[in-house]
Amino acid sequence: MFGTYPGAGFPGHLQPGTGWVEVICGSMFSGKTEELIRRIRRAAIARQKVQVFKPRIDDRYDAQAVVSHSDLRVEGIPVDTAQDILEGVLPDTAVVGIDEVQFFDLQLIEVVNILADRGIRVVCAGLDQDYQGRPFEPMPQLLAIAEVITKALAVCMVCGAPANRSQRLSASESRVIIGAHDTYEARCRRCHHAAPVSAPEQQSLPIATESVPRPTVPEQLPMNFRE
Ligand SMILES: [Zn+2]
């Protein structure tokens, strides 16, 4: 899927010894973490020293490892702030992975630039939009400083079209909720609603679903089609 991107993996115009920034962005269930893990593993196979950092807040699957929805995993280092990443990178590290960047603040931009300036290949993955479809900091700023960008698409859970938005299924209005299959689903632009939509089994709950009618397109995908 990503092999067709001219800049995917190890771009030919970027030379070893020169640092750079790769960003993998997209919605929930678009395979961002899977692609991050694939690139990190390939670097490790080439005997490059790799380190992967993840926000401590994200412990959905494992407190230590970085795990994709499809259960691919690499060893990860949980950190609280972007500064912790800077302090945690070892002198001989060639490749730094950072997952779920939306849980870091804008200091991450400075940290990523410092690492790339040192000659490190930095691979970042995270959401580019929040549950209302708004740009999700610090991703816009990361995209601006990146040498290589991969925008991953999921499959809309309602109509099957390519999807780049994360539909929240709970009524919370908090920008950050840690969750996966029971909290979010991937939706295309047409099927996405900025306000939270109740999951089918929750429709009897007193949530304001009247003002956000569900799409009339029939559900075509079986539940197990999710990543
Ligand atoms: Zn759709």
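The values are calculated or read from the model by the stated rules, or taken from the named source; none is laboratory data. Just so we're clear, the structure is a prediction, and the values are computed from it rather than from any experiment. As a convention, Cβ positions derive from the backbone with ideal geometry for all residues, glycine included, and neighbour counts pool all protein chains shown.
Structure notes:
- Against the conditions (1) surrounded by fewer than 16 Cβ atoms within 10 Å (Cβ to Cβ); (2) within 16 Å of the ligand (Cβ to nearest atom), Pro140 satisfies every one except (2).
- Filtered residues of segment 85-114 (kept if buried (at least 21 other Cβ atoms within 10 Å of the Cβ) and farther than 20 Å from Gly31 by Cβ): Ile85, Val96, Phe104, Leu108, Val111, Val112
- Condition check for Gly133: at positive phi and either within 16 Å of the ligand (Cβ to nearest atom) or free of Cβ contacts under 8 Å to residues at least 24 places away in the same chain (or both): yes
- Some residue of segment 122-133 being assigned to a loop (DSSP other than H, G, I, E, B), within 30 Å of Thr93 (Cα to Cα) and touching a helix residue (DSSP H, G or I) at 6+ places or on another chain (Cβ under 8 Å): yes
- Pro215 being more than 14 Å from the ligand (Cβ to nearest atom) and either at pLDDT 95 or above or over 15 Å from the mean Cα position of the chain (by Cα) (or both): no
- Screening Gln129 against (1) surrounded by fewer than 17 Cβ atoms within 10 Å (Cβ to Cβ); (2) touching a strand residue (DSSP E or B) at 6+ places or on another chain (Cβ under 9 Å) leaves a single unmet condition, (1).
- Taking the criterion of being surrounded by fewer than 23 Cβ atoms within 10 Å (Cβ to Cβ) and not hydrophobic (A, V, I, L, M, F, W, C), the residues of segment 40-54 that qualify are Arg41, Arg42, Arg47, Gln48, Lys49, Gln51.
- Any chance Glu147 is away from the ligand (no atom under 15 Å from the Cβ), within 23 Å of Ala43 (Cβ to Cβ), surrounded by fewer than 22 Cβ atoms within 10 Å (Cβ to Cβ) and charged (D, E, K, R): yes
- Within segment 151-178, restricting attention to residues that are part of a strand (DSSP E or B) and in contact with a Lys or Arg (Cβ under 9 Å, 6 or more places away or on another chain), the residue that is farthest from the ligand (Cβ to nearest atom) is Ala152.
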